[in-house]
1. Mind checking whether some residue in the range 96-105 is surrounded by 13 or more Cβ atoms within 10 Å (Cβ to Cβ) and not in a loop (DSSP other than H, G, I, E, B)?
2. Among the residues of the range 168-190, which ones are within 18 Å of V92 (Cβ to Cβ) and not in a helix (DSSP H, G or I)?
3. Mind listing whichever residues of the range 251-273 are surrounded by fewer than 16 Cβ atoms within 10 Å (Cβ to Cβ) and outside any loop (DSSP other than H, G, I, E, B)?
4. Are there any pairs, at least 6 apart or on different chains, whose C-beta atoms fall under 6 Å, with the first in the range 20-41 and over 19 Å from F9 (Cβ atoms) and the second at pLDDT 95 or above and small (G, A, S), and if so, which?
5. Of all residues in the range 44-60, which are assigned to a helix (DSSP H, G or I) and in contact (Cβ under 8 Å) with a residue 12 or more places away in the chain?
6. Restricted to the range 1-42, and to residues that are part of a helix (DSSP H, G or I), among the hydrophobic types (A, V, I, L, M, F, W, C) and out of contact with any helix residue (DSSP H, G or I) (no Cβ under 8 Å at 6 or more places or on another chain), which residue is farthest from Y142 (Cα to Cα)?
7. Report yes if some residue within the range 146-167 is modelled with pLDDT of 95 or more, assigned to a loop (DSSP other than H, G, I, E, B), more than 19 Å from K186 (Cβ to Cβ) and not assigned by TED's automatic domain parsing to the domain that holds P5; otherwise report no.
8. How do the pairs read when you match residues in the range 102-117 that are under 14 Å from K156 (Cβ atoms) with residues anywhere that are hydroxyl-bearing (S, T, Y) and modelled with pLDDT under 95, using Cβ under 7 Å and keeping only pairs 6 or more apart or on different chains?
Amino acid sequence: MTSNPYLTFKNDELAKSKILAKALNVSENDFIIIQNWFDLLLLKHEEATSDKEEQLKTEKELETRFNELISSEIERKSYKYILPKLLHYNNVFNDAFLRSLYIARLETLLRDNLIPKLVNDKMIVYSPEDFLCVTVYLKDNYFVSPNSNFLEDILKIEHVRGIFKQATAKIKFETLKNILHIIYQKTFHHDIICFKKILKLVSEADTGLIDYLKKFQVENKQGCYKIINDIFNLELAEDNWDDFQIKISLINFFDTARGASPAPSWNKKFQELSATVGNNKLLQTANSVIENENYKIYEFDYGAQWSDDTAKRFLKSAQWIKNISQ
């Protein structure tokens, strides 16, 4: 007997939702009303046909029902519970666990409409403890879709509200560990944009987080994160914070190499880093990166091969630095 992925997702998500609702103090009445809408959303996704007009009609009906729900049927404080659920459903709608997007395209309603509205609504307030609970709910996934803006939206929730400005170092660390776990799970890393956003959130007081990032690797052992791990484990400065800041600068810089030869912007940044970091440290880092020449192509377990463009950019920067230093 073939298992029903919709039932599997519904049961798994409901179990996590009960924990999140309790943590966010969502009333039983609001929980039921909200869950009814998400059950309807899931049902419509399962029943969807390839008829575009029918899809648009369904999206409009769901949007109307959603607006009725948030305008008059639940407390405003329950919005902070709805938002992570929207992110979770949108992510699963964009992967292959449920039906193909070519058949069921309800992610448009979520990704391009409902999610941006709630993400940018500063009246939806999260305490640092609330946001930690949200990331616990979101951290484990069947698949992390590159098309869902999943990580981007999670980080934007924090950015729009400045949640970490009120957080203790411990809460911030635990929250970012959960977000890093989402990065860890990805089956392929098309870029390191969200990882670099996390690096920007680190402060000198985040000693535990800094140590964690220095050891961070991803599940698929992809070249770009292997290179980053190698950079983090170089000895570039005696002071821990100075060392970390230098490495962030280098990671950002090495990821900028594009084209057959250095662009003026790359050359300008190279000159700046030569003055601030020093040529010896730049060359030391370049030599470390070049040792990963064999990581330009990532091979999946089933035999497919994809270009690791991030690793290629790092390797290109490293070679340019070596050429300049000769």
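The values are calculated or read from the model by the stated rules, or taken from the named source; none is laboratory data. All figures in this text were calculated on a predicted structure; none of them were measured in a lab. FYI the Cβ positions are ideal-geometry reconstructions off the backbone, even for glycines, and counts take in every protein chain you see.
1. So far as the range 96-105 goes, no, none of its residues is surrounded by 13 or more Cβ atoms within 10 Å (Cβ to Cβ) and not in a loop (DSSP other than H, G, I, E, B).
2. Those that are within 18 Å of V92 (Cβ to Cβ) and not in a helix (DSSP H, G or I): K186, T187, F188.
3. First, pick out the residues of the range 251-273 that are surrounded by fewer than 16 Cβ atoms within 10 Å (Cβ to Cβ): 252, 258-261, 263-265, 267-268, 271-272.
Passing the criteria: N252, P264, S265, N267, K268, Q271, E272.
4. V26/S78; D30/S78
5. Answer for the range 44-60, where residues must be assigned to a helix (DSSP H, G or I) and in contact (Cβ under 8 Å) with a residue 12 or more places away in the chain: K44, H45, E46, Q55, T58, E59.
6. Out of the qualifying residues, it is I32.
7. The answer is yes; a qualifying residue exists.
8. R111/S148
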